[in-house]
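Input: a single structure, listed below in structure tokens.
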Protein chains: 2
Amino acid sequence: MRISELSSRTGVPVATIKYYLREGLLSPGHRSAATQAQYDDRHVGRLRLIRALREVGQLRLAAIRRVLAAVDDDRTGMHELLGTACYALSSDVDASDPEFAPVRAEVDAFLASLDWQVSPSAPARDELAQAVLILRRLGVPCSVDNLRSHAEAARSVAVREVDQLAEGEERAKTVERAVVSTVLYEPVLLALRRLAQEHESSRRFGPHR
Amino acid sequence: MRISELSSRTGVPVATIKYYLREGLLSPGHRSAATQAQYDDRHVGRLRLIRALREVGQLRLAAIRRVLAAVDDDRTGMHELLGTACYALSSDVDASDPEFAPVRAEVDAFLASLDWQVSPSAPARDELAQAVLILRRLGVPCSVDNLRSHAEAARSVAVREVDQLAEGEERAKTVERAVVSTVLYEPVLLALRRLAQEHESSRRFGPHR
């Protein structure tokens with residue numbers, strides 16, 4: 001297909017496709033004439049992945065480049081590949097706060113007690129520590145050990161989500177789905193939690209108990 | 001205590017306290033001299049609640065006023081009171097999208113099948129419908145019926161969270177804790193989900209399976 005069809009099939013403007021070609025994020029098409037190139041389904045898949053990383057994952061170009069390099073390097077196993085993509089989705093945490101380090105140590109001890117296999121450099125360790133620190137500063141007693149039920153709930157969700165990834169499709173497609181699901185199931189989970197809170201509040205405090 | 005001590009005990013600047021007094025969010029102190037008023041622990045509690053609603057809940061003044069009115073009206077039962085506060089925390093959803101209504105109907109049918117007691121006007125119904133719509137538009141097959149495991153996980157978290165509220169303290173304090181927990185446990189849950197995803201990915205795809 002020509003670049004115009006590639007654009008209409010992916011929803012990515014021609015000018016943006018040309019920019020990705022110049023930046024090397026997208027491999028060149030097959031040159032069919034001096035001024036024309038042909039593109040195929042691999043280009044469609046790659047553009048969909050880039051779009052997911054940019055629009056859903058809000059990643060910058062440098063991070064997108066790292067994820068694509070991992071997708072393209074067959075020596076990168078699937079676990080490492082998913083890690084590369086999902087770590088890039090994390091938010092920055094101010095670890096310089098003097099009260100941060102002890103909370104982070106509590107988080108690490110907690111994860112070890114759960115026997116979860118999580119890299120020491122996983123950004124979500126910092127994100128969890130920061131969330132706990134903010135809770136405590138606002139006067140909510142939050143012992144990390146009291147997070148066991150939250151952790152169990154998170155795990156039952158994750159089992160299901162990782163199950164849905166393991167369907168033997170191509171790497172780019174799996175990474176795209178992992179990134180999109182990781183980000184877009186967040187509001188799903190949070191909305192369900194609010195609905196469940198209302199249900200539980202009704203059972204406990206409601207007028208028709 | 002004087003207004004200066006009220007300020008230092010709550011972390012709310014004197015000028016802001018005066019603004020809340022003028023707006024009627026805070027009841028006047030007991031006038032001890034022509035230019036001086038005395039404040040007590042109820043003022044401290046009220047200011048903490050206003051601060052939680054503003055800084056954590058990001059509520060506007062009109063919404064804060066509604067929540068405070070519900071706190072002050074003893075005829076408002078605890079379930080309705082928590083609803084007033086937590087509904088105010090919700091985000092706006094564009095329900096005018098022509099594809100929205102059918103997804104919202106699916107969400108309603110799903111919640112009915114779970115037998116959850118949730119008001120037809122709960123904003124989280126719209127939030128869930130919007131999240132599902134976005135997932136589908138990005139090519140993630142998301143049948144509402146496949147959300148049962150997410151719903152079950154959300155419910156186990158909510159049971160625990162509502163349990164922690166039911167400790168017979170004063171209404172303003174309970175509402176403050178409900179608002180703070182509802183908002184600030186969100187990043188806790190999301191960080192735990194990412195950690196759990198890594199653990200499950202390691203079990204399924206990791207090099208040391």
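State yes or no: is B:Asp115 modelled with pLDDT of 90 or more and at positive phi? For B:Asp115, the condition - modelled with pLDDT of 90 or more and at positive phi - is met. Count of region A:48-63 residues, restricted to those that are within 25 Å of A:Gln130 (Cβ to Cβ), in a helix (DSSP H, G or I) and open to solvent by less than 50 Å² (accessible area, probe 1.4 Å), is 3. Sort out which residues of region B:74-110 are surrounded by 12 or more Cβ atoms within 10 Å (Cβ to Cβ), in a loop (DSSP other than H, G, I, E, B) and among the acidic types (Asp, Glu), and write them in order of number. Once the filter is applied, which keeps residues that are surrounded by 12 or more Cβ atoms within 10 Å (Cβ to Cβ), in a loop (DSSP other than H, G, I, E, B) and among the acidic types (Asp, Glu), region B:74-110 yields only B:Asp97. Could you tell me whether B:Gln117 is at the interface with another protein chain (Cβ under 8 Å from one of its Cβ atoms), open to solvent by 20 Å² or more (accessible area, probe 1.4 Å) and not in a helix (DSSP H, G or I)? Answer is yes for this residue.
Does any residue of region A:138-150 turn out to be more than 7 Å from chain B (Cβ to nearest Cβ) and farther than 28 Å from B:Ala52 by Cβ? Within region A:138-150, not a single residue is more than 7 Å from chain B (Cβ to nearest Cβ) and farther than 28 Å from B:Ala52 by Cβ. Every test in (1) within 7 Å of chain A (Cβ to nearest Cβ); (2) touching a Lys or Arg at 6+ places or on another chain (Cβ under 8 Å); (3) within 15 Å of A:Ser201 (Cβ to Cβ) is passed by B:Glu127 save one, and that test is (3).
When A:Glu5 is tested against (1) in a helix (DSSP H, G or I); (2) surrounded by 14 or more Cβ atoms within 10 Å (Cβ to Cβ), only condition (2) is not met.
Each residue in region A:151-209 was checked for being more than 7 Å from every other protein chain (Cβ to nearest Cβ), among the hydroxyl-bearing types (Ser, Thr, Tyr) and closer than 25 Å to B:Gln117 by Cβ, and 1 pass.
The set of residues in region A:127-141 that are touching a Cys at 6+ places or on another chain (Cβ under 6 Å) and either of a type in the set (A, V, I, L, M, F, W, C) or open to solvent by less than 30 Å² (accessible area, probe 1.4 Å) (or both) comprises A:Val132, A:Leu135.
The values are calculated or read from the model by the stated rules, or taken from the named source; none is laboratory data. None of the values given here were measured: they were computed from a predicted structure. Cβ coordinates were reconstructed from backbone atoms using ideal geometry, including for glycine residues, and neighbour counts include every protein chain displayed. The accessibility values were calculated without ligands, DNA or RNA, using every heavy atom of the protein model including side chains. Shrake-Rupley method; radii C 1.70, N 1.55, O 1.52, S 1.80 Å.
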